[in-house]
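All remarks here apply to the structure that follows.
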Amino acid sequence: MNLLRNPAARRLRSGLVSGLAVLGLAPACRATDIAHAAIPSIVADNKISIGSHAFKLPPGQWMLVQGQTFTTSSASNRDAEIFRGVVVLLDKNQFRVAIDVSLPVRDSPQMMPWGDDACRANGGALHATPMGKFNGDQCLAVFGHPDLLRSLRRNNPQVAQWMLDQHVVGLGSAIEIVYTSRQDATFGRMHVFFTAPYFDSDEAMTKWSVALEDSVKREFASKSFTAAVLPALPVLPASIQANDSASNLVRPGAQVEAAAAAAREEWMNCLRTQAVRLDDRRTPANEVGSALYFNCREQELKGVTANIPPARLQVMSGSEVNELFENAHRQVVDSGVATNVVLEHRASRVPDRPASPADKPARPVKR
């Protein structure tokens, strides 16, 4: 029976789609089909799809930066077409997360897998858990990378080049979580890369990886009618947020939120005011700079905590806040910003003019 030509079938299909919309179970076709999207391009709706497989990404402005199509053999009369796409989440040019996902554009029986077996013995994984669900085989593994940019250059050169072109920072140590799923008619892989500071413990890393597997397993097995909703991103430790803010404090051209920009301007004004008040032009500039830091400590604290939600600060003890500040302050001192403020102040002052002969008092006339 041709469903498109049968009026009753058309009404039934329309009713099902409307019902799904009412329940918030929108069909996957509403997602951004990254297999046919421009590269690079913004994922405007935070929802991506490859074939019948759809995923809802965590909040943020995700960018599709790589896409490629390849084939793998299957039991059908032709090879199965696979699409691999990489989406990236940045925060003011600071790398946060990248998701590398590859899935068939159309499921096909007895599809051959591709890529390395992340759960193989001596494969380099920090943790590896093979599983058997939905009459198929799955693997959940965690890897560590001391240099993410080097790894991207080797395995994702297009992504690495995009990162370099965009002057992305924070591509050092990273955690990679890999999930693969093989069923009779489909096979897929997902690699999620985080900056290492996202996880302050092995337990936190394991907990998030398990949540990822639980959220995507049905979608990878083609047993879901709705998009898989990926788990919320782990919250960066307050110390990392403070260090990021400290970095922005000492970089005048850094793009920051309005509140952080205001805090930075208030702190800089304090440093300039104290330079005018304290500098005697004889004391070494770095020593005067140390006094400036001390007198503007309150303004600096506002600056380095500008990106931390107030509710989070309120539950922190005084010692925790002090430790957070001291760690961020080291970065501020290393930048030499206060010393530069003193030197700029000295350069802006007109040097004392030597006395001219006309300024000397006249000698009394001898009689």
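Here are the numbers:
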{"read-out": "Using θ = phi - 60° and Karplus 6.51 cos²θ - 1.76 cosθ + 1.60, couplings along region 206-214 (whole Hz; Gly, Pro as x)", "value": "5, 4, 5, 5, 5, 5, 4, 4, 5"}
{"read-out": "Region 54-157, accessible surface, carbon-and-sulfur percent (1.4 angstrom probe)", "value": "46"}
{"read-out": "Coil-residue chymotrypsin sites (Phe, Trp or Tyr not before Pro) of region 170-251, DSSP, other Cβ within 10 Å capped at 16", "value": "225"}
{"read-out": "Per-residue HN-Hα couplings for region 167-174 [Karplus 6.51, -1.76, 1.60; θ = phi - 60°; Hz; x = Gly/Pro]", "value": "6, 6, 10, x, 9, x, 5, 8"}
{"read-out": "Cα centroid separation - region 168-200 against region 93-122, whole Å", "value": "9"}
{"read-out": "Kirkwood Rh, Cα atoms: Rg over Rh of region 159-289", "value": "1.20"}
{"read-out": "Cα gyration tensor category, rounded, prolate or oblate, for region 216-294 with a/c compared to 1.5", "value": "prolate"}
{"read-out": "Solvent exposure, largest accessible area first (probe 1.4 Å, DNA, RNA and ligands not counted), of 36, 127, 329", "value": "36, 127, 329"}
{"read-out": "Cα pair count fraction exceeding 22 Å, expressed as % - region 259-355", "value": "36"}
{"read-out": "Gyration tensor verdict on region 41-90 (Cα atoms; rounded if a/c is under 1.5, prolate if a/b is larger than b/c, oblate otherwise)", "value": "prolate"}
{"read-out": "Residues with amide H under 5 Å from that of residue 32, placed H, sequence gap 5 or more", "value": "47, 48, 49"}
{"read-out": "Nonlocal amide H pairs with residue 105, under 5 Å, H built at 1.01 Å", "value": "81, 82, 83"}
{"read-out": "With all protein chains modelled, accessible area of residue 71 [1.4 Å, Å²]", "value": "90"}
{"read-out": "HN-Hα J in Hz across region 257-264 - Karplus 6.51, -1.76, 1.60, θ = phi - 60°, x for Gly and Pro", "value": "5, 4, 5, 5, 5, 5, 5, 5"}
{"read-out": "Residue 270 accessible area, 1.4 Å probe, all protein chains in place, Å² to nearest 10", "value": "20"}
{"read-out": "Neighbour-limited loop hits for trypsin sites (Lys or Arg not before Pro), region 280-338 (at most 11 other Cβ within 10 Å; DSSP other than H, G, I, E, B)", "value": "282"}
{"read-out": "In Å², nearest 10: area of residue 49 left accessible to a 1.4 Å probe", "value": "10"}
{"read-out": "Under-5 Å amide H pairs with residue 66, H placed in peptide plane, nonlocal only", "value": "86"}
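The values are calculated or read from the model by the stated rules, or taken from the named source; none is laboratory data. Computed from a predicted structure; not experimentally measured. With ideal geometry, Cβ positions are generated from the backbone for all residues, glycine too; neighbour counts draw on all protein chains shown. In case anyone asks, the SASA skips ligands and DNA or RNA and just uses the protein heavy atoms, side chains included. Shrake-Rupley method; radii C 1.70, N 1.55, O 1.52, S 1.80 Å.
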